[in-house]
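Can you keep this structure in mind? I'll have questions shortly.
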Amino acid sequence: WNLLDLLCVFIGVVDFAAELLMLTVGMAAFAPLNTLTVIRVLRVVRIIRVVRVIRIMRFFRELRMMVFSIMNCLKSVLWIILILFILFYMFGIIFVSGVMGYLDTLELRQLPRYEALQQHFGCLGNAVLSLYMAMSGGNDWGVYYANLASMHGEWHFPLLFILYITFAIFAVVNIVTGVFVDTALQSGRTDRDVVVQEEIENKKEYLESVKALFEAIDANSHGVISRETLEQSFENETIMAFFTALKISVPDAATLFDLLDFDASGELDIDEFLLGCYQLQGDATGVDAKITQAEVRYVKQVVLGLKDSFQELLEDWNHLKNETLE
């Protein structure tokens, strides 16, 4: 984008200088850049930069999600069109074959009461269109049912049409809607910018809730929480419900205070409380398990090293003791 801006500015300067020179010498009609409108159109490309605002501003997050969801649904639309076409084609053949078999004479086809029947189910193309309109609401499906019911003695065709409407509306349409909703949700989860932005907002909201909890515990507004104050707050059901809502589960106040008091000062300030509560929320993750394993290995190595050092000291002590006795 910086190179495009530089190119547009350079073209503008050259264009202005050339026009000024031509006006000075009285040859404005022969200005060399008057015909280079395509180059001037390049300036319009800068408008595309406005689209980048959608990726930055929170106000356009819903718009961004809708656009990306629609784009990701295009593949599903193609498969849905294929499935619907197969459905319309199969039932269309059945209804067209039945109508043509019923209207097997020229006299029947010329009767006025069968005119609508032939218009809707007289050929495969019209039948497919009629079935689509009946399912999508383009026309009342009762009209097509009445056309099929006009064939006396052919009661199975109206019944089959009822089965088609039931299957199309309550099965196909709901499945199609579910596919679109699932695709939209997946596109929202896989979009990196949306995920990052939502994570930042969730963290901000969580820290705001933790800050409100800190203020509720620090009722005297001292700016710090002592061990006694925290223990007293655990007797308040509202404070305990607040901890539960923040997904922080600790057995007692003393344990929580020891976990949050990083500098072992005997008091918790707002920064320690926010950071500690944010790290304690939820269940243990895979990273927490790996960190614990690494710390256990380190402690094991330290203990084994101390053991070896102690054995060496003990051997040296025994050796020195023996030499002294001798």
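Count, please, the residues in the range 97-121 that happen to be farther than 16 Å from Pro158 by Cα and among the polar types (S, T, N, Q).
So the answer is 3.
Go through (1) touching a helix residue (DSSP H, G or I) at 6+ places or on another chain (Cβ under 8 Å); (2) at pLDDT below 85 one by one and return the number of the condition Leu74 breaks.
The single condition Leu74 does not satisfy is (1).
How about the range 226-249: which of its residues are surrounded by 13 or more Cβ atoms within 10 Å (Cβ to Cβ) and either aromatic (Phe, Trp, Tyr) or not in a helix (DSSP H, G or I) (or both)?
Within the range 226-249, Ser226, Phe234, Asn236, Phe242, Phe243, Leu246, Ile248 meet the criteria.
Pick from Tyr132, Tyr114: which is in a helix (DSSP H, G or I), under 30 Å from Met66 (Cα atoms) and aromatic (Phe, Trp, Tyr)?
After ruling out the rest, the residue left standing is Tyr132.
So that you can scan it fast, the table gives a plain yes or no per residue for (1) surrounded by 11 or more Cβ atoms within 10 Å (Cβ to Cβ); (2) under 47 Å from the mean Cα position of the chain (by Cα); (3) under 21 Å from Asp140 (Cα atoms):
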position: Ile83; (1), (2), (3): yes, yes, no
position: Tyr89; (1), (2), (3): yes, yes, yes
position: Val96; (1), (2), (3): yes, yes, yes
position: Glu107; (1), (2), (3): no, no, no
position: Arg113; (1), (2), (3): no, no, yes
position: Gln118; (1), (2), (3): yes, no, yes
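Mind listing whichever residues of the range 135-167 are open to solvent by less than 50 Å² (accessible area, probe 1.4 Å) and either without any contact (Cβ under 8 Å) to a residue 24 or more places away in the chain or outside any loop (DSSP other than H, G, I, E, B) (or both)?
Met135, Gly142, Tyr144, Asn147, Leu148, Ala149, Phe157, Pro158, Leu160, Phe161, Tyr164, Ile165
Would you be able to tell me the number of residues in the range 61-110 that are polar (S, T, N, Q) and in a helix (DSSP H, G or I)?
Within the range 61-110, residues that are polar (S, T, N, Q) and in a helix (DSSP H, G or I) number 4.
The values are calculated or read from the model by the stated rules, or taken from the named source; none is laboratory data. Owing to the predicted nature of the structure, the values given are computational and were not obtained by experimental measurement. All Cβ positions, glycine included, derive from the backbone under ideal geometry; neighbour counts span all protein chains shown. These area figures cover heavy atoms from the full protein model, side chains too; ligands, DNA and RNA do not enter into them. Shrake-Rupley method; radii C 1.70, N 1.55, O 1.52, S 1.80 Å.
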